[in-house]
Amino acid sequence: MSKRFYVTTAIDYANGAPHLGHAYEKVITDVIARAHRALGENVFYLTGLDEHGQKVQQAALAEGKSPQDYCDGLAVSWRDFTAKLGLSNDDFVRTSEPRHKEVVQTILSKLHAEGQFYKTTYSGFYSTSAETFLTEKDRLPDGSFDASWGKVIELQEDNYYFKLRAHQDWIIQYIESNPGFIAPDYRRNEVLGFLKNEVLEDLCITRPAERLQWGIPVPFDQGFVTWVWFDALVNYISVPFAHGDPVIRQALGFGGASSFAAWPADLHVIGKDILKFHAVYWPIMLKAMGLPLPRQVLVHGFWQKEGQRLSKSTGNVIDPLAVIDEWGLDAFRYYLVRELDIGPDGNWTDAGFRARYQSELANGLGNLVNRSLSMIQRYRAGRVPRGTSQLARETAETWDRAVAAYRACALQEAVQQCGALVTRANQYIDQTSPFKIAKDPARAGDLDHILVTLAEVCRALGVLLWPVMPGASEKLQRQLGLESVNTNLSQPPLPLPAGHALGEIFPLFPRKDL
Ligand code: MSP
């Protein structure tokens, strides 16, 4: 039974509209999932919704709904969002599902029985909007708390704590001896800096039920529900558990394993703001449960728009669905991957989006495909002639580099490699002037080679770009007259046989009047 390539996204807070940041993370993860499928792996791509917590409880109350009804409503639009983004996720988790809650409770019972938790009273300042206790370090120089914490109240309460201190040494050692565990490097250094300079405080993993009802009940004490982050992180194992993952079922003391082997996850894709939860708390939780750690936490940056934070209150947002409606899904996915490498922060500008669309998609790839196939149509009655590609070496190099980049999750690099081949091929058309050669019957053989060259470049690009732009790739391949779409990245496509008939030709990325 071979293990699946298991890749996850963060699960989004259900309350709040899906925005560019959510779209970005889900799309890059989708590109990674598709690339691995295209490389022949059995992939399990999981995304979903984080539904519990005070904010949802309050919002539901304000609408006169039960939190469950309220979330059921939100989940419809979030699922719709995944479809609009063209995601190929294999499952969609909601933390209010029984299959998830059962696993959270199983884990809580197990760790409690093993003495990993203790109950104690804590009093301090609590941010109601961030749902967290604040420490002295959170105070401003004048002693107050920043307005971003919202209403801060003094609170004294009992809770259960997870003993983290005992884990500090091994986790440092683990991160140091597994350099690929947190990527990029600067995020790894950030975690190590934190772990080496601060004492790991024990983690409060419950909330009193009198204050918060919309949470997973703590199985060994009715007075409490589970802290939302403990609950949310478990989604990464509750879903494979439900599918019968043998490693997880065994660690939690269950039979009923199936052939569904996913754990450990290969990749958790997350944003930089939730790094500590994934690179410190989550590995510690797993270790305490006796489960192997994920292979990599891949941390992406934050998008801004026109140099400002995305913010609903100032209206500085991008509605991904509106962009998709206007420009098409492929163009949207392309821009996200092409503009921002996984790691640094990015800046969306409307002008930048239009410029990339026009120069790289309409005038670049789109024009190349259209010119190439139209010439085959016009000069060779739509049939690929006999000939040899004169850009065979460049095409093979692009193939190897782009595939290596996909393997390394260097998605921007993969797309840039394809872009360089597009530029090269458009140059080649300008240099070889097939339009002129076509007028000279004595040079029919030269024209054949040029047309074959262009057909082969388009063919390779069609396969290489599938993970990023599945729609455009499929259209391109249909225009090339291929009966089934080739998505196989594990080997370059064989040359089209002489006489192969093209399909119907139409613009891939229509030029827009800007
Ligand atoms: N529910 C938690 C995650 C739990 S994972 C077990 C959460 N949700 S969130 O909706 O606030 O964020 C979901 C993901 O979107 C996070 O990875 C976050 O970093 C990412 N982004 C939120 N805003 C973003 C940008 N402006 N830009 C890029 N990604 C951003 O955190």
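The values are calculated or read from the model by the stated rules, or taken from the named source; none is laboratory data. No experiment lies behind these values; they were computed from the predicted model shown. Cβ atoms come from the backbone with ideal geometry, glycine included; neighbour counts cover every protein chain shown.
Here L87 meets each of (1) within 24 Å of the chain's Cα centre (by Cα); (2) surrounded by 19 or more Cβ atoms within 10 Å (Cβ to Cβ); (3) farther than 26 Å from D266 by Cβ; (4) of a type outside the set (D, E) with one exception, condition (3).
Going by the conditions given, is A257 assigned to a loop (DSSP other than H, G, I, E, B) and either within 20 Å of D12 (Cα to Cα) or more than 16 Å from the ligand (Cβ to nearest atom) (or both)? Spelling it out, A257 is indeed assigned to a loop (DSSP other than H, G, I, E, B) and either within 20 Å of D12 (Cα to Cα) or more than 16 Å from the ligand (Cβ to nearest atom) (or both).
Being touching a Pro at 6+ places or on another chain (Cβ under 8 Å), touching a residue at least 40 places away in the same chain (Cβ under 8 Å) and surrounded by fewer than 16 Cβ atoms within 10 Å (Cβ to Cβ) is a condition met by no residue of region 365-383.
For N15, state whether it is more than 11 Å from the ligand (Cβ to nearest atom) and in the same structural domain as R295 (by TED's automatic domain parsing).
Here the answer is no, as N15 does not meet what is asked.
Within the group G343, G315, G328, which residue is in contact with a Gly (Cβ under 7 Å, 6 or more places away or on another chain), at positive phi and not assigned by TED's automatic domain parsing to the domain that holds V457?
The unique qualifying residue is G343.
Listed by position, the helices (runs of 4 or more DSSP H) inside region 434-514 whose residues that are surrounded by 13 or more Cβ atoms within 10 Å (Cβ to Cβ) and in contact (Cβ under 8 Å) with a residue 60 or more places away in the chain number at least 3 are 444-464, 470-479.
Inside region 114-136, can you point out the residues that are surrounded by 10 or more Cβ atoms within 10 Å (Cβ to Cβ), small (G, A, S) and not in a strand (DSSP E or B)?
S129, A130
Could you grab me the full set of residues in region 247-267 that are crowded, with 19+ Cβ neighbours inside 10 Å and either without any contact (Cβ under 8 Å) to a residue 24 or more places away in the chain or among the small types (G, A, S) (or both)? Within region 247-267, R249, A251, A261, A262, A265 meet the criteria.
Every residue, every condition in (1) more than 14 Å from the ligand (Cβ to nearest atom); (2) in contact with a strand residue (DSSP E or B) (Cβ under 9 Å, 6 or more places away or on another chain), yes or no:
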residue: V280; (1), (2): no, no
residue: A288; (1), (2): yes, yes
residue: P294; (1), (2): no, yes
residue: L298; (1), (2): no, yes
residue: Q308; (1), (2): no, yes
residue: R338; (1), (2): yes, no
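For first residues located in region 268-289 and at pLDDT 95 or above and of a type in the set (D, E, K, R), partners that are outside any helix (DSSP H, G or I) and surrounded by fewer than 22 Cβ atoms within 10 Å (Cβ to Cβ) and lie 6+ apart or on another chain with Cβ distances below 8 Å form the pairs K272/G301; K272/F302; D273/F302; K287/L293.
Taking first residues from region 9-29 that are touching a residue at least 12 places away in the same chain (Cβ under 8 Å) and partners that are part of a loop (DSSP other than H, G, I, E, B) and among the hydroxyl-bearing types (S, T, Y), the Cβ contacts under 8 Å between residues at least 6 apart in sequence or on separate chains come to I11/T95. Strands (runs of 3 or more DSSP E) fully within region 137-245 that include at least 3 residues being crowded, with 20+ Cβ neighbours inside 10 Å and within 16 Å of the ligand (Cβ to nearest atom): none found.
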